[in-house]
1. Kindly provide the set of residues from the stretch 128-151 that are of a type in the set (S, T, N, Q), open to solvent by 30 Å² or more (accessible area, probe 1.4 Å) and assigned to a helix (DSSP H, G or I), ordered by number.
2. Is at least one residue of the stretch 77-98 of a type outside the set (Gly, Ala, Ser) and without any contact (Cβ under 8 Å) to a residue 12 or more places away in the chain?
3. Select from the stretch 173-191 the residues that are within 30 Å of Leu137 (Cα to Cα) and of a type outside the set (Lys, Arg) and list them in ascending order.
4. Considering only residues of the stretch 22-47 that are within 22 Å of Trp99 (Cα to Cα) and open to solvent by 60 Å² or more (accessible area, probe 1.4 Å), which is nearest to the chain's Cα centre (by Cα)?
5. Give Gly229, Gly169, Gly200 a once-over and let me know the one that is open to solvent by 40 Å² or more (accessible area, probe 1.4 Å) and modelled with pLDDT of 95 or more.
6. For the stretch 9-21, which residues satisfy the criterion of being of a type in the set (S, T, N, Q) and open to solvent by 70 Å² or more (accessible area, probe 1.4 Å)?
7. If you go through the stretch 46-61 one residue at a time, do you hit one that is over 29 Å from Glu123 (Cα atoms), at pLDDT 90 or above and in contact with a helix residue (DSSP H, G or I) (Cβ under 6 Å, 6 or more places away or on another chain)?
8. Any idea how many residues of the stretch 2-22 are touching a helix residue (DSSP H, G or I) at 6+ places or on another chain (Cβ under 8 Å) and free of Cβ contacts under 8 Å to residues at least 24 places away in the same chain?
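The values are calculated or read from the model by the stated rules, or taken from the named source; none is laboratory data. Remember, it's a predicted structure, so these values are computed and weren't measured experimentally. When we count neighbours, we look across all protein chains shown, and the Cβ atoms used for this are built from the backbone with ideal geometry, even at glycine. Heavy atoms of the whole protein, side chains included, go into the accessibility calculation; ligands, DNA and RNA do not. Shrake-Rupley method; radii C 1.70, N 1.55, O 1.52, S 1.80 Å.
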Amino acid sequence: MSQQRDLNRTREQIMAAAQKEFAQHGFAGARTDAIARRARVNERMIFYCFDSKEGLYRAVLKQKLSEKAAVIEPDEDFTAGLVKGFAKACADVDVLRMWQWEALDTSNRKLVAEEERRAFFQEELARWRRAKASGALPPDADEEMLLLVSSALRTFPLVLPQVISLVTGMDPLDPEFQRKWTACLECIGQRLFAPAIKSGDELERKEADKSAGPNKAPIKTRRLHHTTGMKQVGN
């Protein structure tokens, strides 16, 4: 039992060191001897625990995907999902940098842990489809494009920090910028997921306006805001 605990601890040390090395140099540029030095272990332990550098890279990505999946609740409010996703990205910039290095790789090598990553995004897509089926999204919404938009909103400040600096004069990890970006995400989420007026409600509004006569102000349709629970009622 003690040996197993020691091995698990060694694996954790290696993965933590590997995450830093992969974030700094990418998969192609990372060296197992450098990872071993960071982890303060013999380089042979990397191959004993993970078989190869690719096996280690896969293990790091799988761990991070599992952590992300644990953050996402099955039927969570999507505005909260944007906010939590941005906070998670800020707390774990290393993994985002690993993906950036991968994007810069022009060798066209097969993606490491491609199946696991595809499954993660397919689960997110399933949540968007459920939202569309429940009426939270318009029936003609493209859930794949919306997922890409939400991913961009959660990560853009960290992917291009120089743009944030040029526009706002702040660093994306500055608490004040994070507060402002979070408020922006909440605003976008509330508007994106406010339910559209149903055709029956529109017909009811038109009939009410017609019966009100030409000298009376049109009656506005009551609209329920899905994300805030607030109501706007016409006079």
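1. Passing the criteria: only Ser151.
2. No, the stretch 77-98 contains no residue that is of a type outside the set (Gly, Ala, Ser) and without any contact (Cβ under 8 Å) to a residue 12 or more places away in the chain.
3. Answer for the stretch 173-191, where residues must be within 30 Å of Leu137 (Cα to Cα) and of a type outside the set (Lys, Arg): Phe177, Gln178, Trp181, Thr182, Ala183, Cys184, Leu185, Glu186, Cys187, Ile188, Gly189, Gln190.
4. Gln24
5. Gly169
6. Here is the first cut: in the stretch 9-21, the residues of a type in the set (S, T, N, Q) are 10, 13, 19.
Matches in the stretch 9-21: Gln13 only.
7. yes
8. Total meeting the criteria: 3.
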